Amino acid sequence: MDALLYSQHGINSPFCDTNNKFSCSNANRSSSSSVGGFRLFSMGLRSSKSCFSSNRQRLVSIKTSDPVKHKITNAYDRRAQERVIEEEAPQMSEIDKVSSGQALPLGASEVENGINFSLFSQHASAVTLCLSITVRGKLGELDSGLVEINLDPHFNKTGDIWHICVGDLPRSGVLYGYRVDGPRGWQQGHRFDNNIMLVDPYAKLVEGRRFFGDVSNKLSKFLGTYDFTSLPFDWGNNYKLPNIPEKDLVIYEMNVRAFTADESSGLDPNIRGSYLGVIEKIPHLLELGINAVELLPVFEFDEFEFQRRPNPRDHMINTWGYSTINFFAPMSRYASAGGGPVAASREFKQMVKALHGAGIEVILDVVYNHTNEADDAYPYATSFRGIDNKVYYMMDPNNGQLLNFSGCGNTLNCNHPVVMELILDSLRHWVTEYHVDGFRFDLASVLCRGTDGSPLNAPPLIRAIAKDATLSRCKIIAEPWDCGGLYLVGGFPNWDRWAEWNGKYRDDIRRFIKGDSGMKGSFATRVAGSADLYRVNKRKPYHSVNFIIAHDGFTLYDLVSYNYKHNDANGEGGNDGCNDNFSWNCGYEGETTDKNIKALRSRQMKNFHLALMISQGTPMMLMGDEYSHTRHGNNNSYGHDNAINNFQWKQLDARKNSHFRFFAETIKFRQKHSILGRERFLEKNDVTWHEDNWDNHESKFLAFTIHDSHHGGDIYLAFNAHDYFVKALIPSPPPKRRWLRVVDTNLVAPNDFVPEGIPITGGTYNVAPYSSILFEAKP
């Protein structure tokens, strides 16, 4: 660890004995068994079998050569009546070797002397390490006594880091957490409460309930754990990273659980909704033609967080996962068959390996703007809040209250040096340990705010991510806005590395396709690569991540079926979710049997998808849109663990030869034609706009030709958002070529997309109302 990190954590004059991995200390600390003139203390722990009952309170005295008093108590009940137990517990490993430990690395690490535990807290006055030696039995309880070891600040603290090494601990199967005490000055920003056992921010694995949505363990605690016994994961001799150029990406945004949780997936119940379930459905992803998946959050989160107290949302289950407990641990309940955190870690790697083997990259949607710990009105302290609230969160300096730029009650203090290093360590961990290919940063404008919440022109964290060597191969994508009004689309600090979710692309494409007046020029700008936003310095068209649909908001089917959101099922009286959807129901709100309306909706969905796939930039589509998934007008479905969010495989089968076929063929067409995904912005000779009516506010027809100067494979496109036919004048094809019609969204399958093309005769073509066409020049 470099000197900067030592300084960030308040460690002065560091040195490390490279011959002894146990030793890493400051100048007055030696690597021998003495510290500051005192011998490292050892402890003999005694406990009785009877203390293992979950209904009994327990305390174990500790023999030690050091005068500091240590004891074992019920770590979930600090008010337990203390009593000394004499009989030794056979289930518990003998913990008779406890030493000072080392400050770095943070978290739990294996050293020569045992297991080292290290925790940063600048403002803490007392830290207690809590250990459960045996494997958790009934989830939510602990089968054995919990060892609590009070850390002595004279022996177990270096700078602002508390640390201890415990010998003779098992190398796996240990649950651990911390109790942290400190100033109780609420107005000063402190939230210490030593009655709460907290998850280590650097825990690489987190244990909670084993099965997703298990109501019998709704209030299960979350604890850190580790695994130093498993062999290194076998990535295989022939394994290699896909390393797909950004200009060639086609991103598929998806939810791991929702992808296969439904019975219609046909999978064994033990792997539905799991990382292994994704592997089983890779053939579908290949048939669709995408080459990158963007996974909704896969860091550990509590799906029952809405049900901790009576409230209008207490029927909801968090299925999206934008409420992180820990930034290093994969979501344990995405393991198959309730396998737990170790299995989750292994199976996540299996999933990545399988996706990479299929030529598909893995991008993670990461949430570093806030955590699950909510606000001060209804706090949910699981980690950062109780460890050092004033460091980890942005605070109002006037009253010590949490600032809320995330819309979720708290805002992570991302540009504080310690928090910044935590985020960087987390990102590096997912790249080195799990081989992921990139990250999409939720509400990334939060990451552009200083410790007081004010916007920064050159945010240290954003620059550090862009310049980090480990992350240099990764795609890094910003959602360039937050809930505090910091809208940075086209202006996100980027160092020529960061891509952005292009919210202006979404809005302008929606408005033109549905027939809004005055949108033709904006539509042309967006499909041409949004040069008005991204043609700056060395930025490229692919730095615009183009999307029409994402996880939040309407699905594609709902975009053409609803004028208004229908969020009553969320329990907030329709007050949640966005009101500005730029949607059009095509003449009827919701489901209908009217054949004309259904046909119009089908055309509109194809129009949207065609526009997305022929646009310069990086296209992204949402899971389920390939078969026209509906959420019945709910545009904020984060809390529904059912068919509202779950992929419906029978519906896919029913539409395989129509809607799905069009979507898959369009994606494959894009990938076969490099002129649709250029590495540079379009120049005058690259495109011809067949338009002399730019100033006509009522014009809703646009035609243009994208030129292939190397091979003559020009592509002619026309989009008609009028409610009447438009007779389009077709330009002459390149020399020794002829126009073949590949797409006409007004036609039904399979004629709506003919890969080999159908020859066009004559100089005009009637483009139907609300439809689009694509011609390709071929010999």
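The values are calculated or read from the model by the stated rules, or taken from the named source; none is laboratory data. Source: prediction; values computed, not measured. Every residue, glycine among them, receives a Cβ derived from its backbone with ideal geometry; neighbour counts consider all protein chains shown. Ligands, DNA and RNA are stripped out before the accessible areas are found, and what is left, the full protein with its side chains, is counted by its heavy atoms. Shrake-Rupley method; radii C 1.70, N 1.55, O 1.52, S 1.80 Å.
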Query raised in the report: Among 585, 537, 563, 575, which is the only one that is open to solvent by 10 Å² or more (accessible area, probe 1.4 Å) and at positive phi?
Result: 537
Requested in this report: State which residue pairs qualify: first residue open to solvent by 50 Å² or more (accessible area, probe 1.4 Å) and inside the range 692-717, second residue at pLDDT 95 or above and among the aromatic types (Phe, Trp, Tyr) in any location, beta carbons under 9 Å apart, and separation of 6 or more residues or different chains.
Outcome: 693/701
Query raised in the report: How do the strands (runs of 3 or more DSSP E) wholly within the range 181-279 filter down when requiring 2 or more residues that are within 30 Å of residue 643 (Cα to Cα): which remain?
Result: 205-207, 251-254
Query - Condition met for residue 368 (more than 23 Å from residue 624 (Cβ to Cβ), crowded, with 19+ Cβ neighbours inside 10 Å and at pLDDT 95 or above) - result: yes
Query raised in the report: Looking at the range 504-526, is at least one residue within 22 Å of residue 364 (Cβ to Cβ), outside the structural domain of residue 701 (by the TED database), of a type outside the set (Ser, Thr, Tyr) and in contact (Cβ under 8 Å) with a residue 40 or more places away in the chain?
Result: yes
Report task. Determine if the range 734-744 includes at least one residue that is in contact (Cβ under 8 Å) with a residue 40 or more places away in the chain, part of a strand (DSSP E or B), aliphatic (A, V, I, L, M) and in contact with a Pro (Cβ under 9 Å, 6 or more places away or on another chain). Result -> yes
Query - Test for residue 622: is it touching a strand residue (DSSP E or B) at 6+ places or on another chain (Cβ under 9 Å) and not aromatic (Phe, Trp, Tyr) - result: yes
Report task. Name the residue, out of 618, 630, that is at pLDDT 95 or above and surrounded by 23 or more Cβ atoms within 10 Å (Cβ to Cβ). Result -> 618
Requested in this report: Quick one: which residue in 160, 248 is modelled with pLDDT of 95 or more and either out of contact with any strand residue (DSSP E or B) (no Cβ under 8 Å at 6 or more places or on another chain) or exposed (fewer than 14 other Cβ atoms within 10 Å of the Cβ) (or both)?
Outcome: 248
Query raised in the report: Any chance the range 644-657 includes a residue that's open to solvent by 20 Å² or more (accessible area, probe 1.4 Å), in contact with a helix residue (DSSP H, G or I) (Cβ under 8 Å, 6 or more places away or on another chain), under 11 Å from residue 555 (Cβ atoms) and modelled with pLDDT of 95 or more?
Result: yes
Report task. Please indicate, with yes or no, whether at least one residue in the range 193-200 is over 22 Å from residue 426 (Cβ atoms), modelled with pLDDT under 95 and not hydrophobic (A, V, I, L, M, F, W, C). Result -> no
Requested in this report: Evaluate the following for residue 750: is it in contact (Cβ under 8 Å) with a residue 40 or more places away in the chain, within 17 Å of residue 604 (Cα to Cα) and open to solvent by 20 Å² or more (accessible area, probe 1.4 Å)?
Outcome: yes
Requested in this report: Kindly check whether there is at least one residue in the range 131-152 that is at pLDDT 95 or above, assigned to a loop (DSSP other than H, G, I, E, B) and on the phi < 0 side of the Ramachandran plot.
Outcome: yes
Query raised in the report: Going through the range 642-697 one residue at a time, which ones are over 20 Å from residue 614 (Cβ atoms), of a type in the set (Gly, Ala, Ser) and either part of a loop (DSSP other than H, G, I, E, B) or in contact with a Pro (Cβ under 7 Å, 6 or more places away or on another chain) (or both)?
Result: 643, 658
**Report entry** Residue tally, condition under 17 Å from residue 718 (Cα atoms), modelled with pLDDT of 95 or more and of a type in the set (D, E, K, R), over the range 673-704
**Finding:** 3
Query raised in the report: Of the residues that sit in the range 718-733 and are part of a loop (DSSP other than H, G, I, E, B) and in contact (Cβ under 8 Å) with a residue 60 or more places away in the chain, which one is surrounded by the fewest Cβ atoms within 10 Å (Cβ to Cβ)?
Result: 723
Query raised in the report: Taking into account only those residues within the range 198-217 that are open to solvent by 20 Å² or more (accessible area, probe 1.4 Å) and touching a helix residue (DSSP H, G or I) at 6+ places or on another chain (Cβ under 6 Å), which is nearest to residue 163 (Cα to Cα)?
Result: 210
Requested in this report: Only residues in the range 371-397 that are assigned to a helix (DSSP H, G or I) count as the first member; pair them with residues that are open to solvent by 10 Å² or more (accessible area, probe 1.4 Å) and among the charged types (D, E, K, R), Cβ under 7 angstrom, at least 6 apart or cross-chain, and list the lot.
Outcome: 385/191; 386/191; 386/193; 389/191
Report task. Exactly one condition in (1) touching a helix residue (DSSP H, G or I) at 6+ places or on another chain (Cβ under 8 Å); (2) open to solvent by 40 Å² or more (accessible area, probe 1.4 Å) is not met by residue 401; state its number. Result -> (1)
Query - Residue, most open to solvent (accessible area, probe 1.4 Å), within the range 163-181, restricted to residues that are among the charged types (D, E, K, R) and closer than 22 Å to residue 386 by Cα - result: 181
Requested in this report: Would you point out which residue out of 709, 699, 732 is within 26 Å of residue 602 (Cα to Cα) and of a type in the set (Gly, Ala, Ser)?
Outcome: 699
Query - Residues of the range 580-601 satisfying the condition of being in contact (Cβ under 8 Å) with a residue 60 or more places away in the chain and of a type in the set (Ser, Thr, Tyr) - result: 583
